[in-house]
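K.L.:
I'd like to ask some things about the structure below.
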Amino acid sequence: MRKFWMTTALALTMTAGIATAAENVEVLHWWTSGGEAAALDVLKKDLESKGISWTDMPVAGGGGTEAMTVLRARVTAGNAPTAVQMLGFDILDWAKEGALGNLDDVASKEGWDKVIPQALQKFSKYDGHWIAAPVNVHSTNWLWINKAALDKAGGKEPTSWEELIALLDNFKSQGITPIAAGGQPWQDATLFDAVVLSLGDDFYKKAFIDLDSATLGSDKMKEAFDRMTKLRTYVDDNFSGRDWNLASAMVIEGKAGVQFMGDWAKGEFIKAKKVPGQDFVCMRFPGTQGAVTFNSDQFAMFKVAEDKVPAQLQMASAIENPTFQSAFNVVKGSAPARTDVPNTAFDDCGKKAIADLADADKNGRLFGSMAHGHANPAAVKNAIYDVVTRQFNGQLSSEDAVKELVSAVEAAK
Ligand code: BGC
C-alpha cells in the first residue's frame, strides 16, 4: 500500500513537473512604456489564470526595429521564442522562411475566418494557413491635443493644413512647445504616414502601397516634404532621440500642445488617468478624416518543441477571445482585431477608432501604414525611413529627398 502511494505520488509529481514545464510561453515584444506594460499585463494575467506562466522578453523600441534584430539572433541560434509581437510584412517574411507554426485547428474551431477582417488576415495567414494571432488594430493618422491648450486657442479642432498651422502658432504664443516630437526614424515616419495621406488617398496608395516611381518622385511628394520642414519648425531643441511616450507626457503635462502619433499614445493618457474630451482631444490628422492608415499587432507563433505547442495554442485562443479583446484594447488604445467585439467598454476615442476603421474599410479608405510595416516589407520600409529622417533633420532638401526616395525605394524593392 505504502509503495502504491509513493509510486502514485512520484507519478503525480512527474506529471505536474512536465505540465509546468510545458505550460509556459516565452514572449518577445516591445511593449515597454507605462501604457503598453499595463496592456501587456492584461494578457499575462489572463494566461496565468489559465495556468500558463509567462517568460518575458522585452526589447524596447517603437515600431519594433530593435525587437526584430534580437529575434533574428535568437532564431539563428536555434532558440525561437514561443510568440513574438510582429507587424504586417515581417510576419509574412518569417512565414516564407518556414519558421512559423500552424494555428489552423484553433482558428477553424473558433471561426476566426468570419470575425477577423480581411485586411488583418492578409498578414495572419500564409499559403492559406493561420500563422499569427492578431491582438489589435492601431492607426497612425491621429492627433493628441492638450485640451486646456486647445481651449485657450479657441477650442476648434483643425480640419485643414492651414488651420493646423494656425493652431501650432497659437500654441507657440501660449509659450508651450507646439509639437511634442520624438526624433527617432520610426516616429518621423509615423508623422510622414499622416502627412502623405493628407495629400490624398490615391497619393498615399500610389506612393506607399504601389511604390509607383512617378508618384514617389512627384511635385506632390515635394509638397509632403515641405510640410515636414514646416512642422519641424514647431518642435523643441531636445527632440532628437526622445522616446514617443516621453513626447506623450509633454502633452499630458501641458508642456506641449499636440503629438502626432498612433493610438498607442492614448494608452499613456489613460495610464495617467486623463479623460478624452476633458483633458485631451483625439482627432484625425487634418485632411485625413474618413481615411485610416492602420497597423495590427499580431503574435506570430514560432515552431517550438512539441511540449510547448499546447500552451502556444492556448495563448492564441486566449488572444482571440472577445472578452479579452475588449479588456486588452481598452487599455492599449487600439481597436479590437475582431469585428464582433462590443464597443461599450471603450472611451470616446476608442469608439471613434472602431467606427473609423469600419467606415474606412467599407469605403475603400483603409490603407496599411508604411511606418509600421503594413505597406511594404522591411527593406523598403527602412529605405523610406532613412530618407524621411534625413530630410526631417535638415540633411536633405525637399527636392533631394524626392529624388532619393525614388532611387532608395527602387533599390530596396
Ligand atoms: C506597435 C504598438 C506600439 C508602438 C510603440 C507600434 O509599432 O504597433 O503596439 O505601442 O509601436 O511602441
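K.L.:
Rounded to whole Hz and in sequence order, give me ³J(HN,Hα) for region 44-54 from the Karplus expression 6.51 cos²θ - 1.76 cosθ + 1.60, θ = phi - 60°, writing x for Gly and Pro.
P.N.:
4, 5, 4, 5, 4, 5, 9, x, 9, 8, 10
K.L.:
So what's the convex hull volume per residue for the Cα atoms of region 205-264, in Å³?
P.N.:
Given the Cα convex hull of region 205-264, per-residue volume reads 118 Å³.
K.L.:
Rounded to two decimals, what is the ratio between the C-alpha radius of gyration of region 133-190 and 2.2 N^0.38 Å?
P.N.:
Taking N as the residue count of region 133-190, the ratio is 1.37.
K.L.:
For Ala355 paired with Asn238, estimate the spin-label separation in nm (one decimal), with each label point 7 Å from Cα along the Cα-to-Cβ line.
P.N.:
Once both label points are built, they end up 3.9 nm from each other.
K.L.:
What is the local net charge at Ala411, summed over the other residues whose Cβ is closer than 15 Å to its Cβ (Lys, Arg +1; Asp, Glu -1)?
P.N.:
Working: positive: Lys381, Lys403, Lys413; negative: Asp386, Glu404, Glu410.
Summing Lys/Arg as +1 and Asp/Glu as -1 gives 0.
K.L.:
What order do you get for 279-285, 131-137 when each peptide is scored by the mean count of other beta carbon atoms within 10 Å, highest first?
P.N.:
Ranking the peptides 279-285, 131-137 by packing returns 131-137, 279-285.
K.L.:
So who's got an amide H within less than 5 Å of the one on Gly368, skipping anything under 5 residues away but keeping other chains? H placed 1.01 Å off N, in plane.
P.N.:
Here the answer is Phe294, since their amide H atoms fall under 5 Å of that of Gly368.
K.L.:
Here's a follow-up. Sorted from largest down, give the three principal axis spans of the alpha carbons of region 28-154, whole angstrom values.
P.N.:
55, 35, 32
K.L.:
Still on this structure, please answer the following. P(r) tail for region 106-224, what percent of Cα pairs lie past 23 Å? Before the final figure, lay out the partial values.
P.N.:
Numbers: 3779 of 7021 pairs.
Pairs farther apart than 23 Å: 54 percent.
K.L.:
Can you give me the Cα centroid spacing of region 52-76 and region 118-149 in angstrom?
P.N.:
So the two Cα centres are separated by 19 Å.
K.L.:
Ratio to report: Rg/Rh of region 204-340, with Cα atoms as the point set and Rh obtained by the Kirkwood method; give two decimals.
P.N.:
On the way: Rg = 19.6 Å, Rh = 18.6 Å.
Rounded to two decimals, Rg over Rh is 1.05.
K.L.:
How tilted is helix 348-362 with respect to the longest principal axis of the chain? Cα atoms for both, answer in degrees (0 to 90, nearest 10).
P.N.:
It works out to around 90 degrees.
K.L.:
Rg/Rh for region 89-162: what does it come to with C-alpha atoms and Rh from Kirkwood?
P.N.:
Looking at region 89-162, the ratio lands at 1.28.
K.L.:
Of Lys152/Lys271; Lys222/Lys273; Lys152/Lys274; Lys44/Lys273; Lys220/Lys271; Lys172/Lys205, which pairs sit farther than 29 Å apart, going by alpha carbon to alpha carbon? Working shown, then result.
P.N.:
Values: Lys152/Lys271 25 Å; Lys222/Lys273 40 Å; Lys152/Lys274 18 Å; Lys44/Lys273 22 Å; Lys220/Lys271 39 Å; Lys172/Lys205 34 Å.
Distance filter (> 29 Å) returns Lys222/Lys273; Lys220/Lys271; Lys172/Lys205.
K.L.:
Then there's this: Give a residue-ordered list of calculated ³J(HN,Hα) values for region 292-304 (Karplus: 6.51 cos²θ - 1.76 cosθ + 1.60, θ = phi - 60°; whole Hz; x for Gly, Pro).
P.N.:
Computed from phi, the couplings for region 292-304 are 9, 9, 10, 9, 10, 6, 10, 9, 6, 9, 7, 5, 10 Hz.
K.L.:
May I ask you to derive the relative contact order of region 58-149, considering only C-alpha pairs under 8 Å and at least 6 residues apart, and to give it as an integer percent?
P.N.:
Dividing the mean separation by the residue count of region 58-149 yields 21 percent.
K.L.:
Just for the chain, what percent of DSSP beta bridges are antiparallel, to the closest 5?
P.N.:
60 percent
K.L.:
In Å, the Kirkwood hydrodynamic radius of region 342-403 over pairs of distinct alpha carbons?
P.N.:
Value: 14.3 Å, from the Cα pair sum.
K.L.:
Quick one: pull the percent of accessible area on the chain belonging to carbon and sulfur, 1.4 Å probe, ligands and nucleic acids left out. Provide the component values of the computation, followed by the final result.
P.N.:
Working: 9110 of 16570 Å².
Carbon and sulfur together cover 55 percent of it.
K.L.:
Which angle from 0 to 90°, rounded to the nearest 10, does the C-alpha axis of helix 322-332 make with the longest principal axis of the chain?
P.N.:
Value to nearest ten degrees: 40.
K.L.:
With every protein chain kept in place and ligands, DNA and RNA left out, what is the accessible area per residue of region 33-153? Probe 1.4 Å, answer in Å².
P.N.:
Accessible area per residue, region 33-153: 39 Å².
K.L.:
If you don't mind, there's one more thing I want to ask. Return the sequence-ordered ³J(HN,Hα) values of region 30-35 in whole Hz as given by the Karplus equation 6.51 cos²θ - 1.76 cosθ + 1.60 applied to θ = phi - 60°, using x for Gly and Pro.
P.N.:
Karplus-based 3J(HN,Hα) across region 30-35 equals 10, 8, 10, 7, x, x Hz.
K.L.:
Cα convex hull of region 274-413: how many Å³ per residue?
P.N.:
179 Å³
K.L.:
Here's a follow-up. Per residue, how big is the convex hull of region 293-362 when only Cα atoms are used? Give it in Å³.
P.N.:
100 Å³
K.L.:
Once you keep just the Cα pairs under 8 angstrom separated by 6 or more residues, what percentage relative contact order results for the chain?
P.N.:
In percent, rounded to a whole number, it is 27.
K.L.:
Using only Cα atoms, find the angle between the long axis of helix 2-22 and the longest principal axis of the chain, and express it within 0 to 90 degrees, rounded to the nearest 10.
P.N.:
The helix 2-22 is inclined about 20 degrees to the chain.
K.L.:
Let me ask you something else. Given N residues in the chain, what is its alpha carbon radius of gyration divided by 2.2 N^0.38 Å?
P.N.:
Rounded to two decimals, the normalised Rg is 1.03.
K.L.:
While we're here: Kirkwood Rh, region 162-232, all Cα pairs: how many Å?
P.N.:
13.3 Å
The values are calculated or read from the model by the stated rules, or taken from the named source; none is laboratory data. From a predicted model like this one, the values you see are computed outputs, not experimental measurements. Glycine also receives a Cβ, built like all others from the backbone with ideal geometry; neighbour counts cover every protein chain displayed. The protein model used for the area step is the full one, side chains on, heavy atoms only, and it has no ligands, DNA or RNA in it. Shrake-Rupley method; radii C 1.70, N 1.55, O 1.52, S 1.80 Å.
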